[in-house]
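Engineer: Handing you a structure now.
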Amino acid sequence: MTDAFTAHGQFTIEREFPVAPRKVFRAWADPLAKRQWMTCEPGMEVLAHRMDFRAGGEETIDVRGVDGALHRFQGRYYDIVPDRRIVYTFGMHVDAAHLSVSLATLRFEASALGTRMIFTEQVVFLDGHQQLDERRLGTEVGFDHLALYLHQSSPQ
């Protein structure tokens, strides 16, 4: 693309999980756990994952899509309150295209069911590479994978 332009958006997704907040938080904090659920499309293959889960730490995830494209997440953690909150920024790339830069806030609250997870993403899309509905859908699919992971890893 020859034009440089941006589009801003924000969305919030709330999910309820029938496990304690510490288990949902751990699914985000533990690299081995996160690898089990972190893809946003069925059939994606995790190629590499580096994670330094602490304030100031970084995370990089490289996955290959079913179409062969290389997807890269590059993030930095800014605030972590165990079992309660995670605040991080991240950039998304597909092959050579830089899609977006985001600020994400996760909150974990005890609920009657177990845990209410509240995810808010404030995003700037770069040069028309993606749209808010696409991002929200991919995030929802990732959270579906998280729900399945929590179900499978919890005693019945």
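Engineer: For segment 105-148, how many residues are under 22 Å from residue 72 (Cβ atoms) and in contact (Cβ under 8 Å) with a residue 24 or more places away in the chain?
Structural biologist: 24
Engineer: Could you check segment 70-105 and list, in sequence order, the residues that are of a type outside the set (Val, Ile, Thr), surrounded by 19 or more Cβ atoms within 10 Å (Cβ to Cβ) and touching a Phe, Trp or Tyr at 6+ places or on another chain (Cβ under 8 Å)?
Structural biologist: Taking segment 70-105 first, the residues of a type outside the set (Val, Ile, Thr) are 70-79, 82-85, 88, 90-93, 95-100, 102-104.
So of that shortlist, the ones also surrounded by 19 or more Cβ atoms within 10 Å (Cβ to Cβ) come out as 71, 77, 88, 90, 92, 99-100, 102.
Matches in segment 70-105: 77, 88, 90, 92, 99, 100, 102.
Residues are listed down the side, and each one gets a yes or a no for (1) of a type in the set (Phe, Trp, Tyr); (2) at pLDDT 95 or above:
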| site | (1), (2) |
| --- | --- |
| 88 | yes, yes |
| 97 | no, no |
| 102 | no, yes |
| 110 | no, yes |
| 129 | no, no |
| 138 | no, no |
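Engineer: Is there a residue being more than 11 Å from the chain's Cα centre (by Cα) and either in a loop (DSSP other than H, G, I, E, B) or acidic (Asp, Glu) (or both) anywhere in segment 147-154? Don't jump to the end; show me each part of the working.
Structural biologist: At the first step, the residues of segment 147-154 found to be more than 11 Å from the chain's Cα centre (by Cα) are 147-154.
Subsequent filtering for residues that are either in a loop (DSSP other than H, G, I, E, B) or acidic (Asp, Glu) (or both) retains 154.
For segment 147-154, residues more than 11 Å from the chain's Cα centre (by Cα) and either in a loop (DSSP other than H, G, I, E, B) or acidic (Asp, Glu) (or both): present.
Engineer: Moving on to the next point. Just the residues that are more than 23 Å from residue 70 (Cα to Cα) and surrounded by fewer than 14 Cβ atoms within 10 Å (Cβ to Cβ), please, taken from segment 23-57.
Structural biologist: 30, 54, 55, 56
Engineer: Among (1) in contact with a Lys or Arg (Cβ under 6 Å, 6 or more places away or on another chain); (2) farther than 25 Å from residue 132 by Cα, where does residue 58 come up short?
Structural biologist: (2)
Engineer: What are the pairs with Cβ atoms under 7 angstrom where one residue, in segment 54-78, is in contact (Cβ under 8 Å) with a residue 60 or more places away in the chain and within 21 Å of residue 37 (Cβ to Cβ) and the other, located anywhere, is among the hydroxyl-bearing types (Ser, Thr, Tyr) and not in a strand (DSSP E or B)? Sequence gap at least six, or different chains.
Structural biologist: none
Engineer: Taking into account only those residues within segment 1-48 that are of a type in the set (S, T, N, Q), in contact (Cβ under 8 Å) with a residue 24 or more places away in the chain and part of a loop (DSSP other than H, G, I, E, B), which is nearest to residue 118 (Cα to Cα)? Full working, then the answer.
Structural biologist: Narrowing segment 1-48 to residues of a type in the set (S, T, N, Q): 2, 6, 10, 12, 36, 39.
From what's left, in contact (Cβ under 8 Å) with a residue 24 or more places away in the chain: 6, 10, 12, 36, 39.
Narrowing further to those that are part of a loop (DSSP other than H, G, I, E, B): 36, 39.
Values: 36: 20, 39: 19 Å.
Checking each candidate, the answer is 39.
The values are calculated or read from the model by the stated rules, or taken from the named source; none is laboratory data. As the structure is a prediction and not an experimental result, all values here were calculated from the model. Note that we place each Cβ from the backbone using ideal geometry, even for glycine, and neighbour counts take in every protein chain shown.
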